[in-house]
Amino acid sequence: MALCAFGSVIESHPDAVRMLVVALRRYHETAGAPEAAEAEYDEERAAHERSAEAAGVSKLEHEAEKMVAARLTWEGEGTDGWRPFRLVLQIAPGWHLQANPATEEYLVATEVKAEGGCRLRNVRYPEGEPLPSRLSQQPIAVYTGEVEITGEVSGTERLCLTYQPCDETRCLPPVTRRVT
């Protein structure tokens, strides 16, 4: 049923749904059984997916990372072990990121998390700009240009940022990276 729903998207934008197609291939190769998928996913297949033929995904991930410059600054000392931060994202011209919260559940929201046992509070994401989309009945909320995310962190000075850069015709793979 889901494949029927996404069939026209897959046909018209194969690069945008590359990972969906990879997952679909694995599903059909293992007859949809999770146990069979684990048994059949061997080192030989893993080596192939790391090979030059699969390098396209790696290149796309690298390109996705370059679409956003992130600058983290600390705003004063804070109180009670909580330190205010300001994370400024500079999004490449012609590209956008999904706002937080994302408009549709299948979209990858831009998100900040603390690493390893640390905590975040009072995280504030800006409101997204409406963007008409062929994949949604309503405009989706996106970030473009320069975006500022603020909040407070306890116990670390490293944050993880997750985002997925998209342009008018495609989305690159989601990126999760450390910001220090």
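Observations
- One way to sum up the overall shape of the stretch 64-179 is the equivalent ellipsoid from its Cα gyration tensor, whose semi-axes run 27, 13, 12 Å, largest first.
- Estimated FRET transfer efficiency (Arg177, Gln137; beta-carbon r; R0 30 Å; 0.05): 0.40
- Glu115-Glu146 FRET efficiency (beta carbon distance; Förster radius 35 Å; 0.05 resolution): 0.90
A short reminder: the numbers here are calculations on the coordinates, not readings from a lab. All values reported here derive from a predicted model rather than from experimental measurement. Please note: Cβ atoms are built from the backbone with ideal geometry, for glycine as well, and neighbour counts cover all protein chains shown.
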